[in-house]
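Just passing along the structure, written as structure tokens.
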Amino acid sequence: MGRLHQRHILVAISGGIAAYKGAELVRLLKKQGAAVRVVLSRGATEFITPLTMQALSGEPTHTELLDEEAEAGMGHIELARWADLMVIAPATADVIARLAQGRADDLLTTVALATPAPVAVAPAMNQQMWAHAATQDNVALLASRGIQIIGPDAGEQACGDIGPGRLLEPEAIVATLSERFENRSLEGRRVVITAGPTREAIDPVRYLSNHSSGKMGYALAQAFAAAGAQVELISGPVALEPPARVTVHQVTSAVEMCDAATKLAGDADFFIGAAAVADYRPAAKASEKMKKQEGRGLSLDLVENPDIIATVAQLPNRPRIVAGFAAETHDLLSHARAKRLRKGLDMIIANDVSAPETTFGSNQNAVHLITAENETHLALASKYVIAEHIVAALATQLSE
Ligand code: C5P
């Protein structure tokens, strides 16, 4: 599985002759296992049809900013937040100028402004237009804002000119985007992550559990692996594919998760408790299926589960950085700050689960990173983008 596997890539195509190469770009990204959505500028639809892009991406193509039907499905803000990465290829001189000015006069530029995800731009235009001081200034401005400029290539152009301005070949664009999901900043580091819910058996067929999907913990595992770390993911039962280059340890109950965590966490560089661990378990598991007693209620005797993260934070060979989550429905920050101190954590990631966009199972999240020294808010973005920020913040904490 490649680095683009399961990544959400938003491909925006603007109106130049190279627009047809956007089709090949989407095909190659899909081949790498990425989930792709396509935005076509109005100019691009003169060169390539929304239907072609829909067939290649397997998703509806987005063309209009104020289209009632599209906004009722995945509107421009949802699209912006869905992305783990946005690539504009080809980007015409006009699109580059509008991006540089922060214009939002069509769907493409609006999404580029609204996305919290990294943006890459692959320019394609006549060599004279590329060499023009206006274009060069605009490109430099975009680069200074952290936008990645991919290409252009030099060579023969559609207009007959020869020089720089050709769209980089789709294979090369894919290779560059794939590198975007890879850095070696945590090479040699070991991280242990808990994710998903736990199940506490009542009898052979029933259990107590919760709505955790495991998506945040799995996104963290992927982001740590992309940074070169060795990742051990202790996962409760979830419906997610195991991430590439991550060792997954499947567990069911909190006690099993705690055993795995205490075995694996010693001397690790990072321990991240992203699991929604059941606080209680039935005092005893019935050996046979419990029979319904007509006309009578049922009381379950519960005992407390171990606090896994607090246990790990107290190990004699404690991981260097221990970070946990605080999923709260009210008084988010004060509960989270208290929880960080109570459990002995270096960082707590506070997450409001009362809002529909950030509740259990959502593909997006918005969180506060709370340490002893500072508090940072990360606005609503895809869980992968949030995970990348968390990994960067934890790496900084480790280096300090
Ligand atoms: O106390 P609360 O469940 O809100 O704490 C949340 C944090 O503690 C999460 O990081 C979660 O993974 C961790 N936790 C744990 N073991 C428990 C309960 C919570 O590791 N029994």
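The values are calculated or read from the model by the stated rules, or taken from the named source; none is laboratory data. These figures come from a predicted structure and were not determined experimentally. Positions of Cβ are backbone-derived with ideal geometry, glycine not excepted, and every protein chain shown enters the neighbour counts. Accessible surface is based on the protein model in full, side chains and every heavy atom, while ligands, DNA and RNA are left aside. Shrake-Rupley method; radii C 1.70, N 1.55, O 1.52, S 1.80 Å.
Between Glu59 and Ala154, what is the label-point separation in nm under the 7 Å Cα-to-beta-carbon projection?
So the two model labels end up 3.7 nm from each other.
So for the chain, taking the charge dipole from beta-carbon charges (+1 Lys/Arg, -1 Asp/Glu), which of Ala323, Ala18, Val248 sits furthest toward the positive end?
Final value for the positive-end residue is Val248.
Tell me, in nm to one decimal, what length is gained between Asp137 and Glu375 on full extension, where the rule is 0.36 nm per residue of separation less the Cα-Cα distance?
Using 0.36 nm per residue and subtracting the Cα-Cα distance, I get 82.1 nm.
Heavy atoms of the protein only, probe of 1.4 Å, neighbouring chains included. What is the accessible area of Thr396 in Å², nearest 10?
70
Where does the charge balance sit around Val303 when Lys and Arg score +1, Asp and Glu -1, over other residues with C-beta under 13 Å from its C-beta?
-2
Tell me the relative contact order for region 1-44 as a rounded percent, counting alpha carbon contacts under 8 Å between residues six or more apart. If you can, show how the numbers build up before the last one.
Values: 63 pairs, mean separation 25.3, N = 44.
Computed value for region 1-44: 58 percent relative contact order.
Once neighbouring chains are kept in place and the probe is 1.4 Å, which whole percent of the accessible area of the chain is contributed by carbon and sulfur?
On the chain, the fraction of accessible area on carbon and sulfur atoms equals 50 percent.
Here's a follow-up. What does the net charge come to around Leu333 if you take all other residues with beta carbon closer than 13 Å to its beta carbon, with K and R at +1 and D and E at -1?
-1
Explain nothing, just compute: Karplus ³J(HN,Hα) = 6.51 cos²θ - 1.76 cosθ + 1.60, θ = phi - 60°, for every residue of region 293-298 in order, whole Hz, x for Gly and Pro.
Result, ordered by residue: 9, 3, x, 10, x, 9 Hz.
Further question on the same structure: Pop the C-beta distance of Lys263 and Glu71 into the FRET formula with R0 = 51 Å and round what comes out to the nearest 0.05. Walk me through the numbers before you get to the answer.
Details: r = 50 Å, r/R0 = 0.98.
Computed FRET efficiency for Lys263 and Glu71 comes out at 0.55.
Something else now. With an 8 Å Cα cut-off and a minimum separation of 6 or more residues, compute the relative contact order for region 8-179 in percent. Don't skip to the end; give the middle numbers.
Details: 341 pairs, mean separation 39.4, N = 172.
Relative contact order of region 8-179: 23 percent.
What whole-number distance in Å separates the alpha-carbon centres of region 322-398 and region 183-226?
When both Cα centres are located, 15 Å separates them.
Tell me, which longest segment in the chain has none of the trypsin sites (Lys or Arg not before Pro) that fall in DSSP loops with at most 16 further Cβ atoms within 10 Å? Show your work: numbers first, answer last.
Details: sites that count: Arg42, Arg103, Arg145, Arg184, Arg245, Lys285, Lys289, Lys291, Lys292, Arg296, Arg320.
With a cap of 16 other Cβ atoms within 10 Å, the longest stretch comes to 321-400.
What accessible area per residue comes out for the chain, rounded to a whole number of Å², with a 1.4 Å probe?
On a per-residue basis, 46 Å².
Using θ = phi - 60° and the Karplus form 6.51 cos²θ - 1.76 cosθ + 1.60, what ³J(HN,Hα) does each residue of region 272-278 get, whole Hz, x for Gly and Pro?
Going residue by residue, I get 10, x, 9, 6, 9, 7, 5 Hz, with x marking Gly and Pro.
Given the Cα-Cα distance of Thr252 and Thr396 and 0.36 nm per residue of separation, how much length would full extension add, in nm? Intermediate values should be presented prior to the final figure.
Working: separation 144, 0.36 × 144 = 51.84 nm, distance 3.29 nm.
That pair, Thr252 and Thr396, stretches by 48.6 nm at full extension.
For the chain, what does the helix formula give at 222 nm: sum of -39500 (n - 2.57) over DSSP H segments with n ≥ 4, over the residue count, nearest 500 deg cm²/dmol?
-10000 deg cm²/dmol
Go through region 199-214 residue by residue and turn each phi into a ³J(HN,Hα) via Karplus (6.51, -1.76, 1.60, θ = phi - 60°); whole Hz please, and just put x for glycine and proline.
10, 10, 5, 9, 8, x, 10, 10, 8, 9, 7, 8, 8, 4, 8, x
Now, a different point. Over the Cα atoms of the chain, what is the Rg over Rh ratio if Rh follows Kirkwood?
1.05
When only C-alpha pairs under 8 Å and at least 6 residues apart count, what is the relative contact order of the chain, in percent?
12
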